[in-house]
Amino acid sequence: MEILHALIIWPDQLLLSLLVLFFIAVPILYGARQAMHSLLRAVFRAISNPLRLMSRWLFKTAEVLRERNKQVLLSRGREEVSHGINKEFDRVTNLVERDLHGYPALQRKLMDEITRIEEEFQKCGEVPPPPPEWTKAVAAIAKIKPSGDGLVERILEDISNSIDEIYERVINEYRESSKQRHNILKNFMPFWRSVDRTLKKVDKDLGGMQQSAAKIDEQVEKYKQIHAKSEMAEHSLTSSSTILFVISLLAIMIAAGGAFVNFWLIERPMSAMVGGSEYIVGDIQASYLAAMVIIMFETLMGLFLMESLGYTHLFPLNNINNRMRRWLVWISFSILLILAGVEVALAVMRDMIISADIALKQELAGGGAVTKAMANSWALDIPKAAQMILGFTLPFALAFVAIPLEYLIHSGRTVFGALLVLGIRGLGFAMRFISSMVQQIGKGTGYLYDAIIFLPLVIERAVLNRGPRRAALPPGSSGEMTALSKHGEHVL
């Protein structure tokens, strides 16, 4: 401010002083025009070029990181698909070993039984009996003309009676043979039902094998796409990882809610055990830390239990044998069961503390009889039972948090990698935008500088554009090039 006041020629006439200073400064600024333009270009390039280089480096880093994420994603997808294919092959192998290994013996049995059926069925065929020889004699007698002789009539009557007896006997024999054939056919029913059940079981097993084969074909096709690094496979794996990440995060949040309930369930009795007025770090009470340690220890035991059972693979436990794995399962389960029992005891203790507090308040208020009646009420047993059930079940519920935790870790690598690539690209775009803005600001500053000294520039342009001088300059001469270069300096 003092320098500005010193430059003012007439303090009483500020506008006139500024106008005189402007006309004095214009020739100076015109003389320094080329140097100022070079300075402005150097300054704004010093700001713009690093931003542009930073933008290029960010885009290149984003591309490298995207390729790295793609490799990790495809590797993870290849591993999952390979595991699925091996699982389906194991399922088919178990199905063949369990159900299809007896098919040769079953086939021989079926062939034997079918042969038996054919033989028995042939026995069931109805064969008409051959005509007896005496029919010829009957036919000859039938040709005898009636003569009224009683002897002939008596012979014919005896023949008729004999024929009736023979007919009855033949009919009975035919009925007996038909009954035997029907019994043979009836005895076929259990076997046919057994054959029907066997064939249905075979059809079911073959249908299961066909489904497994279809799944294997689908997994193999997916594996081929992953191996080819196709865009469709990458998009499918990214979508699956995102959905799995959201579901796992939701499951973790639900488990966190259960842990929060478990914390407040055991915090009050823990304050009675470790002291409610004890503070460890700042405002953190010792009871809070003790309750959190118990909950975290339960979660850790649940994690080891799920890992030992083979449901999760967060730790490299493939090096231990099955015997050690079984020991680890029983140890983790025993510790988890003991902690669940401890929480049941703490829940009972919490109910006793609350009942004692209520009784004390009622006694101080003069309602001791009411408190005693309430203490003996069966209604108070319901919250106690609920707290005991929660104290026993919540530790085992927290044990299953290891499964969504594993999926959250594996899918979070893909999701956070994609978000990181998006963030780096956004930062690179911002750098490039700022670089372009700096360049435009530099050009605008040059134009503003020329606008301030517009009067000398107009005079210079009028002098350079005179007709005789332009005509005197031969085409392509150094003078014309100098004029054109000075004219081009108007633009930064």
(message) I need every pair where a residue in segment 329-352 that is of a type outside the set (A, V, I, L, M) and open to solvent by 40 Å² or more (accessible area, probe 1.4 Å) has its Cβ under 7 Å from the Cβ of a residue that is modelled with pLDDT of 85 or more and assigned to a helix (DSSP H, G or I), sequence separation at least 6 or different chains.
(response) Phe333/Leu305
(request) State all residues of segment 381-425 that are buried (at least 16 other Cβ atoms within 10 Å of the Cβ), over 15 Å from the mean Cα position of the chain (by Cα) and charged (D, E, K, R); if no residue qualifies, say none. (result) Lys384, Arg425
(request) Mind listing just one residue for me: the one in segment 228-243 that is in contact with a Leu (Cβ under 8 Å, 6 or more places away or on another chain) and not acidic (Asp, Glu) and, of those, surrounded by the fewest Cβ atoms within 10 Å (Cβ to Cβ)? (result) Lys229
(request) Can you work out which of the residues in segment 1-52 that are of a type in the set (S, T, N, Q) and open to solvent by 90 Å² or more (accessible area, probe 1.4 Å) is modelled with the highest pLDDT? (result) Gln34
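One line per residue, one yes/no per condition, for (1) at pLDDT 75 or above; (2) farther than 30 Å from Ser75 by Cβ; (3) open to solvent by less than 60 Å² (accessible area, probe 1.4 Å):
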position	(1), (2), (3)
Asn187	no, yes, no
Trp192	no, yes, no
Val195	no, yes, yes
Lys204	no, yes, no
Ile216	yes, no, yes
Val220	yes, no, yes
(request) Being among the aliphatic types (A, V, I, L, M), at pLDDT 80 or above and open to solvent by 30 Å² or more (accessible area, probe 1.4 Å) narrows it down to one of Ala272, Ala256, Ala290, so name that one. (result) Ala256
(request) Find the residue count for segment 214-271, including only residues that are within 20 Å of the chain's Cα centre (by Cα) and aromatic (Phe, Trp, Tyr). (result) 2
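The values are calculated or read from the model by the stated rules, or taken from the named source; none is laboratory data. Everything numeric in this text was worked out from a predicted model, so none of it was measured. As a convention, Cβ positions derive from the backbone with ideal geometry for all residues, glycine included, and neighbour counts pool all protein chains shown. Side chains included, ligands, DNA and RNA excluded: accessible areas come from the protein's heavy atoms. Shrake-Rupley method; radii C 1.70, N 1.55, O 1.52, S 1.80 Å.
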